[in-house]
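See below for the structure under consideration.
The values are calculated or read from the model by the stated rules, or taken from the named source; none is laboratory data. These numbers come from a predicted model, not from an experiment. Using ideal geometry, Cβ is built from the backbone for each residue, glycine included, and neighbour counts are taken over all protein chains shown. Surface areas here come from the heavy atoms of the whole protein model, side chains and all, with no ligands, DNA or RNA. Shrake-Rupley method; radii C 1.70, N 1.55, O 1.52, S 1.80 Å.
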Amino acid sequence: SGYDLDVICLCCEYSEDTWQEIAANYNIDIDYDQSDDDKINAVREYLENQTGIVGENNGSFVYACF
């Protein structure tokens, strides 16, 4: 018994992007006068409400595509 790894499926269902890319791609309303931490928190909140976050690393997120 075991599992087959379908890499193509994983690539289609999940993405890894920086907070800046996510904000631009999904038109997240960010106040650019805020600190980077506040901007990252705004993107995190958006992803938590719209999809599932799988991981996070230094302002990049791995998340389920929608």
| Computed from the mean reciprocal separation of all distinct C-alpha pairs, what Kirkwood hydrodynamic radius does the chain have, in Å? | 12.8
| field | Accessible area of the chain belonging to carbon and sulfur atoms, whole % at 1.4 Å probe | value | 43
| query | Quick one: Karplus J couplings for the stretch 27-43, per residue in order, coefficients 6.51, -1.76, 1.60, θ = phi - 60°, nearest Hz, x for Gly and Pro? | reply | 6, 6, 6, 10, 7, 6, 8, 6, 6, 4, 4, 5, 5, 4, 5, 5, 5
| note | Result for the chain: accessible area per residue, probe 1.4 angstrom, in square angstrom, of 73
| request: Using the charge dipole of the chain (Lys, Arg: +1 at Cβ; Asp, Glu: -1 at Cβ; taken about the Cα centre), state which of Gln20, Asn58, Tyr3 has its Cα farthest towards the positive end. | output: Tyr3
